[in-house]
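These notes concern the structure reproduced below.
The values are calculated or read from the model by the stated rules, or taken from the named source; none is laboratory data. The structure displayed is predicted, hence computed values, not measured ones. Cβ sites come from the backbone with ideal geometry, for glycine too, and all protein chains shown count toward neighbours.
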Amino acid sequence: MTILRNATVFVDGQLRKTDIAFDEKIRAIGSNLSGDEQIDCSGRLILPGGIDVHVHARDLNQSHKEDWASLGRAAVSGGVTTVCAMPNTDPPLDRPEIVRAYRERAASARVNAKIYGGITRDNIGRLEELARDVDAFKLYLGETTGNLVITDRKLHREIFKGIAQTGKLLAVHAQRGGPPKTVTRHEADDIHYVLDLAAAHETKLHLVHVTTRRGVEAIVEAKRSKVDVTLETCPQYLFFTERDREQRGAWLKMNPPLATEEDREFLWWALAEGLIDIVATDHAPHTQEEKSVGYERAPAGVPGVEFMLVLLLNAVNAQKLSLKRLVEVCCANPAKRFGLPTGELSVGRDADITVIDMNIARTITRESVRSKCGWSPYEGLRVQGWPVMTFVKGRAVYP
Ligand code: DOR
Ligand code: ZN
């Protein structure tokens with residue numbers, strides 16, 4: 001049994017000075033707990049490990065960009081203890097055999113791994129079978145990295161109906177047409193299209209990487225009429241805009257593209273107000289070489305899993321965001337939505353824990369990046385509030 005002593009622990013929505021005892025599960029929270037391994041955490045903050053429900057772990061034929069081992073190291077160094085990996089791998093995760101092989105690769109990583117199944121024209125009739133091996137499904141409505149696009153409206157209806165029957169969550173990249181070069185002005189229209197499908201078929205829906213004010217508003221409105229939907233945005237849309245992309249080119253090329261300053265400010269407001277359910281990174285590692293070939297040819301996507309928590313902890317330090325909201329969007333809400341036994345510090349939950357020093361200030365540098373891609377869009381940014389220790393199911397995985 002491990003005991004973390006004298007820390008400030010985030011329990012039941014509040015900060016409490018207490019000890020916490022765990023093996024693979026949290027066993028006790030209280031004063032003067034005893035156990036064989038005791039770690040003094042005076043002056044530190046203890047939070048549930050972060051859950052990043054949107055990462056591209058690559059591996060298989062793209063292990064030069066990232067693999068499960070490097071992704072795991074990156075995640076836990078940033079206090080993220082669970083990741084949900086997207087299916088646009090090479091080969092794609094659209095068959096039970098390939099999902100099982102991918103899960104085996106993930107088992108050697110130090111992070112908890114959840115896996116989305118991909119939907120293709122070929123497997124639409126067999127979603128029930130694939131559902132046994134995946135944690136959720138992902139649907140791409142428009143062209144993006146990989147080969148998992150379905151544009152046919154009739155097939156969309158079939159898919160929403162079929163996924164509803166499996167009872168699984170359907171994550172949707174709601175962007176019809178090819179990736180636009182600038183702000184997705186039609187994001188809200190595409191989101192309306194998807195919300196109508198979810199309402200008609202009673203599909204459990206998760207909308208990934210929403211970037212615009214109108215997109216958020218469409219989802220908030222749908223929730224009022226009882227559509228079962230959650231809404232995700234990503235740090236890159238909170239930190240950058242189309243202006244930054246004009247300056248930095250391919251390094252900030254992503255899909256959907258960066259939006260306007262007005263959208264960015266709205267996202268911060270919506271985050272603080274509780275309109276955004278989940279923050280996830282869309283961690284999309286591409287190598288520096290791949291990103292260096294000019295805007296048109298470079299692949300879309302930026303890495304981010306290891307800096308999600310620090311970017312938001314810095315916002316807490318700057319009083320731009322409450323710690324309560326941070327824990328909701330990075331831990332509690334994703335756990336609830338994906339049905340995971342983690343995401344909060346309470347007895348019986350998995351011991352996925354990160355210990356934070358809110359006083360450490362450090363500049364994000366290329367040298368410090370742990371993702372195999374070896375760069376970060378946040379290089380040069382000085383942030384305060386860093387994980388100093390991380391446990392996954394009770395096992396010390398960082399440092
Ligand atoms: O920018 C992106 N990169 N958007 C996506 O939808 C896919 C991702 C990737 O896999 O690189
Ligand atoms: Zn993605």
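Within the bounds of segment 147-162, is there any residue that is touching a strand residue (DSSP E or B) at 6+ places or on another chain (Cβ under 6 Å) and within 16 Å of ligand 1 (Cβ to nearest atom)? Yes, segment 147-162 has at least one match.
Residues of segment 196-241 that are among the charged types (D, E, K, R) and in a loop (DSSP other than H, G, I, E, B): 202, 226, 228. Mind checking which residues of segment 112-128 are among the hydrophobic types (A, V, I, L, M, F, W, C), under 15 Å from residue 86 (Cβ atoms) and either assigned to a loop (DSSP other than H, G, I, E, B) or out of contact with any Ser or Thr (no Cβ under 8 Å at 6 or more places or on another chain) (or both)? Correct list: 115, 119. Listed conditions (1) buried (at least 21 other Cβ atoms within 10 Å of the Cβ); (2) under 20 Å from residue 338 (Cα atoms); (3) not hydrophobic (A, V, I, L, M, F, W, C) are all met by residue 77, apart from (2).
The residues listed here are 174, 199; of these, the one that is within 16 Å of ligand 1 (Cβ to nearest atom), hydrophobic (A, V, I, L, M, F, W, C) and over 20 Å from residue 90 (Cβ atoms) is 174. What number of residues within segment 326-336 are buried (at least 20 other Cβ atoms within 10 Å of the Cβ) and of a type in the set (D, E, K, R)? Selection size over segment 326-336: 1. Across segment 205-227, the number of residues qualifying as surrounded by 17 or more Cβ atoms within 10 Å (Cβ to Cβ) and either modelled with pLDDT under 95 or within 16 Å of ligand 1 (Cβ to nearest atom) (or both) comes to 8. If you go through segment 255-294 and keep only what is within 14 Å of ligand 1 (Cβ to nearest atom), of a type outside the set (Asp, Glu) and farther than 22 Å from residue 78 by Cα, you end up with 255, 256, 257, 258, 259, 291. Within segment 270-308, the set of residues being away from ligand 2 (no atom under 16 Å from the Cβ) and touching a Leu at 6+ places or on another chain (Cβ under 8 Å) comprises 271, 272, 275, 276, 277. Every listed requirement among (1) exposed (fewer than 14 other Cβ atoms within 10 Å of the Cβ); (2) under 29 Å from residue 2 (Cα atoms); (3) touching a residue at least 24 places away in the same chain (Cβ under 8 Å) is met by residue 339 save one, (3). No other residue among 111, 134, 149 is of a type outside the set (S, T, N, Q), at pLDDT below 95 and either buried (at least 19 other Cβ atoms within 10 Å of the Cβ) or more than 15 Å from the chain's Cα centre (by Cα) (or both) apart from 149. Considering segment 80-105, the residues that are away from ligand 2 (no atom under 16 Å from the Cβ) and of a type in the set (S, T, N, Q) include one that is surrounded by the most Cβ atoms within 10 Å (Cβ to Cβ), namely 81. Checked against (1) of a type outside the set (Asp, Glu); (2) touching a Lys or Arg at 6+ places or on another chain (Cβ under 8 Å); (3) closer than 16 Å to residue 328 by Cβ, residue 233 passes all but a single condition, namely (2). Is there a residue being within 16 Å of ligand 2 (Cβ to nearest atom), touching a residue at least 12 places away in the same chain (Cβ under 8 Å), farther than 20 Å from residue 73 by Cβ and out of contact with any helix residue (DSSP H, G or I) (no Cβ under 8 Å at 6 or more places or on another chain) anywhere in segment 366-383? No; the residues of segment 366-383 include none that is within 16 Å of ligand 2 (Cβ to nearest atom), touching a residue at least 12 places away in the same chain (Cβ under 8 Å), farther than 20 Å from residue 73 by Cβ and out of contact with any helix residue (DSSP H, G or I) (no Cβ under 8 Å at 6 or more places or on another chain). Residues of segment 266-273 include at least one that is buried (at least 22 other Cβ atoms within 10 Å of the Cβ), in contact (Cβ under 8 Å) with a residue 12 or more places away in the chain and closer than 23 Å to residue 230 by Cα.
Of the residues in segment 93-109, at least one is under 24 Å from residue 179 (Cβ atoms), touching a residue at least 40 places away in the same chain (Cβ under 8 Å) and within 16 Å of ligand 1 (Cβ to nearest atom).
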